[in-house]
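Only one structure is covered here, and it is reproduced in the block below.
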Amino acid sequence: MEKNTFTNADLYDEAKLSQLGKALGADGIVYGRFVYDKETNKMIMDGKILSVIDKTILADKRVEAPLDFKIFDATEDLGVYLSERIKDLFLPTDEGALWRSALAPGWGFFYKQQETWGYIHASATGTAFVIALFWEY
């Protein structure tokens, strides 16, 4: 068994969390932190959703609340926002599809779960490449 090399500071580092998510086979990670601000006497709560696949932050919200009953409303607002955005983990991004298609024709369609179009695009590009390769003047 490998020794845990994560520190408390690493649990808010996007690169380290992405590594952890990849090792666990996760599509994304929901994380955040609570910080008490002594000057304003408020609790500051951050919540984020990190896509392990694209290595991008899909949702990011910060709420502040005084240390009274209003903290429950702020916590609920943060939770509702993150729960509404978690569906974005399972929607492939257009940017990801664009980069994949630039590397290998058709790969972007497979990434967007449109296999038929992926096969058509890859076959058409492959056919054009073979024709161009053997074309004689």
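Bear in mind that the values in this text are calculations on the coordinates, not laboratory data. Here the structure is a predicted model, which is why all the values come from computation and not from measurement. Positions of Cβ are backbone-derived with ideal geometry, glycine not excepted, and every protein chain shown enters the neighbour counts.
Quick check for the chain: number of Lys pairs with alpha-carbon distance under 24 Å, counting only pairs 8 or more apart or on different chains? Lysine pairs meeting the criterion: 25.
The GluC sites (Glu not before Pro) of the stretch 59-137 that meet both conditions, a loop assignment by DSSP and at most 12 other Cβ atoms within 10 Å of the site Cβ, are E136. If you take the Cα atoms of the stretch 93-137, find Rg, then find the Kirkwood Rh from the mean of 1/r over all pairs, what is Rg/Rh? Ratio of gyration radius to Kirkwood radius: 1.12. Computed from point charges on the beta carbon alone (+1 for Lys and Arg, -1 for Asp and Glu), the dipole magnitude for the chain about its Cα centre is near 220 Debye. Under 5 Å between amide hydrogens, built in the peptide plane, is the criterion, and for A59 it picks out I49 among residues at least 5 positions away or on other chains.
In the chain, the DSSP-assigned H stretches of four residues or longer account for a calculated mean residue ellipticity at 222 nm of -14000 deg cm²/dmol, using -39500 (n - 2.57) per stretch and the full residue count as denominator. Sequentially through the stretch 47-59, phi angles give Karplus couplings (6.51, -1.76, 1.60; θ = phi - 60°) of x, 9, 10, 9, 7, 5, 5, 8, 6, 10, 7, 8, 8 Hz, Gly and Pro residues having no value and appearing as x. Computed over the alpha carbons of the stretch 1-56, Rg followed by Dmax gives 13.8, 45 Å.
Any idea what the relative contact order of the chain is, in percent, if you count C-alpha pairs under 8 Å spaced at least 6 apart? Please report the intermediate quantities before stating the final value.
Details: 164 pairs, mean separation 17.8, N = 137.
Relative contact order, the chain: 13 percent.
The label point for T56 and the one for F90, both projected 7 Å from the Cα toward the Cβ, are 2.0 nm apart.
Simple rule: put +1 on each Lys or Arg Cβ and -1 on each Asp or Glu Cβ in the chain, find the dipole, and look at A9, F90, V35; the Cα lying farthest toward the positive end is A9.
The H on the amide N of K42, modeled in the peptide plane, is under 5 Å from the matching H of D37, each at least 5 residues off or on a different chain.
Here the extension length gained between K16 and Q113 equals 32.1 nm, from 0.36 nm per residue of separation less the Cα-Cα distance.
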